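K.L.:
Pasting in a structure now, in structure tokens, and then I'll have a few things to ask.
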Amino acid sequence: MKIFRSTAPYSVAKYLAVVTFVLTSLISCKKDSDPSPGGKDGVSGNWQISAMTVTPPIDGISDYLAFLNALLGSDCLTKITFIFKADGTMDGNVPQACQANDPTESVGLDEKSTWKVQDKKIVITNGSDVSAYDLEVNETTMEWSIAELDPDDGKTYTTTIVFKRV
């Protein structure tokens with residue numbers, strides 16, 4: 001499988017790449033040293049994306065889920081089920097209708113990717129790339145967010161992904 005490499009400048013394409021990396025990193029991840037997989041972290045279970053936003057808007061776009069759905073020509077991103085297993089491993093389920101044009105295929109995954117919950121953050125490791133996202137989770141929703149400074153315009157952009165438990 002291919003490994004994600006971001007070459008786009010900070011723009012809609014850059015944030016699309018960041019959001020897509022987060023989503024696709026989940027498909028074949030394995031948890032690593034999560035203190036209580038299925039316990040108090042609340043992450044264990046089946047999740048689907050229900051919203052993606054960026055603030056302030058980039059090039060007038062704040063609803064990233066609508067943007068990605070339009071770009072992909074489908075709502076497959078909201079139909080993928082991300083399975084956080086109680087034993088600390090991950091799996092994913094892409095519906096048959098979405099497999100022909102799998103939205104995760106262009107980015108690729110590394111089978112050695114891992115995730116863990118640490119200090120109210122979810123940490124995704126893919127090879128030598130490590131990314132930490134602020135994490136809020138309850139019985140029905142899980143929210144990831146990350147703030148990044150754009151060196152070109154000096155603004156800090158916050159990307160948020162909301163998952164619903166299914």
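K.L.:
Can you list residues from other chains, or at least 5 along the same chain, whose modelled amide H is less than 5 Å from the amide H of Val166?
P.N.:
For Val166, whose amide H was placed from the backbone, the distant partners under 5 Å are Asn46, Trp47, Gln48.
K.L.:
Now for a separate question. By average Cβ neighbour count within 10 Å, what is the ranking of 56-69, 128-141 from highest down?
P.N.:
56-69, 128-141
K.L.:
Under 5 Å between amide H atoms, partner at least 5 residues away or on a different chain: which partners does Val43 have, H built in plane at 1.01 Å?
P.N.:
Amide H neighbours of Val43, under 5 Å, 5+ apart: Gly38.
Here, each number is a calculation from the coordinates, and none is a lab measurement. Being a predicted model, the structure only gives us computed values, none of them experimental. Neighbour counts run over all protein chains shown; Cβ positions are idealised from the backbone, glycine included.
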